[in-house]
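What follows is a short report on a single structure.
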Amino acid sequence: MKATQQTIQQIQRAIHKVADKFPASADPVMTDLHMQVKPESGELRIFNDDMEELMRIVVDQWLEPTEDDLYEAAITAIKQSINGLREEVEKMSILHPFSFVLMDEDGETMSDIYIVDDDTVILDTELLAGLDKELDDFLANLLKED
């Protein structure tokens, strides 16, 4: 399911409203934004660190998903939306490093959608896939006796 322009705009409006609650001039009070997609209602919910709801919208395209990949489609749509608001998002008064995290229905982390750490921004966590194994192999080679 490819996100429509309307879907991207709906998500961007929600993120913009959350960003307005955390202007750059304010003292940082949280480290992450947690997002949850509710397939049965088409809702996107955004929470702070204390799981207090900051925003809730109904994404029309998600009301009747035609495919089983709703979460994957939601991740892609949210990434596109955040990317369109990067400057605004990165200026939010959130403690660094921070991330946008997608949670499942039980509140368990499914994916880090967007990670910001001072000068580093990671919008696609697939870039990090396999990094742990590569680092483990590297360390094993360093410690290996000849």
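The values are calculated or read from the model by the stated rules, or taken from the named source; none is laboratory data. Source: prediction; values computed, not measured. Heads up, the Cβs are rebuilt from the backbone with ideal geometry, glycines too, and the neighbour counts pull from every protein chain shown.
List pairs: first residue in the range 31-45 and within 27 Å of Ser93 (Cα to Cα) and hydroxyl-bearing (Ser, Thr, Tyr), second residue modelled with pLDDT under 95 and in a loop (DSSP other than H, G, I, E, B) anywhere in the structure, Cβ distance under 7 angstrom, at least six positions apart or on different chains.
So the pair list comes out as Thr31/Asp49; Thr31/Ile94; Thr31/Leu95.
Being surrounded by fewer than 18 Cβ atoms within 10 Å (Cβ to Cβ) and in contact (Cβ under 8 Å) with a residue 60 or more places away in the chain is the filter here, so list the residues in the range 97-108 that pass it.
Going through the range 97-108, the residues surrounded by fewer than 18 Cβ atoms within 10 Å (Cβ to Cβ) turn out to be 97, 103-108.
Of everything in the range 97-108, those that are surrounded by fewer than 18 Cβ atoms within 10 Å (Cβ to Cβ) and in contact (Cβ under 8 Å) with a residue 60 or more places away in the chain turn out to be Pro97, Met103, Asp104, Glu105, Gly107.
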